[in-house]
1. Hey, what's the Kirkwood Rh for segment 24-104 if you take every pair of different alpha carbons, in angstrom?
2. Please list, in order along segment 25-34, the HN-Hα scalar couplings obtained from phi with the Karplus expression 6.51 cos²θ - 1.76 cosθ + 1.60 (θ = phi - 60°), rounded to whole Hz, x for Gly and Pro.
3. For Lys37, give me every one of the aspartates and glutamates with a C-alpha distance below 19 angstrom, ignoring sequence neighbours fewer than eight places off in its own chain.
4. Can you tell me the FRET efficiency between Arg65 and His28 if r is taken as the Cβ-Cβ distance and R0 is 41 Å, rounded to the nearest 0.05?
Amino acid sequence: MLTPARWILYVLFAGMCAGLHAQPSIFHGADLKLGQKLIDENKCVECHASKVPGDGSAIYKPKGRINTAGLLRGMVEQCNTELNMGMFPEEVNAVAAVLNKNYYKFK
């Protein structure tokens with residue numbers, strides 16, 4: 001049985017853990033392993049590196065024109081469409097969730 005003090009500690013700890021992995025609701029349930037696999041298979045990093053200086057990560061500008069999780073997902077969908085990648089919506093979402101986790105960090 002949880003005492004009131006332990007219950008408070010449990011709730012605080014759970015809240016802290018949830019904050020560490022917080023993703024916007026648009027990305028809840030996204031398969032991060034699938035997203036990373038798709039990024040690797042489709043050579044997204046190499047494509048981005050060919051467009052911007054350095055390793056390609058400069059293309060991810062959290063304070064630039066992509067400033068919401070929805071716009072991030074939309075940009076991934078635009079790449080999917082323009083490059084005729086054939087990703088399903090859940091795959092686009094998985095890729096966007098990985099990018100959010102690694103670069104944008106929208107909550």
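Here, each number is a calculation from the coordinates, and none is a lab measurement. As the structure is a computational prediction, the values presented were derived from the model and not from experiment. As a convention, Cβ positions derive from the backbone with ideal geometry for all residues, glycine included, and neighbour counts pool all protein chains shown.
1. Details: mean 1/r = 0.0790 Å⁻¹.
So the Kirkwood estimate lands at 12.7 Å.
2. For segment 25-34, the Karplus curve yields 4, 4, 9, 4, x, 5, 8, 5, 5, 4 Hz.
3. Glu46, Asp55, Glu77, Glu90, Glu91
4. On the way: r = 24 Å, r/R0 = 0.59.
Efficiency computed from Cβ-Cβ geometry: 0.95.
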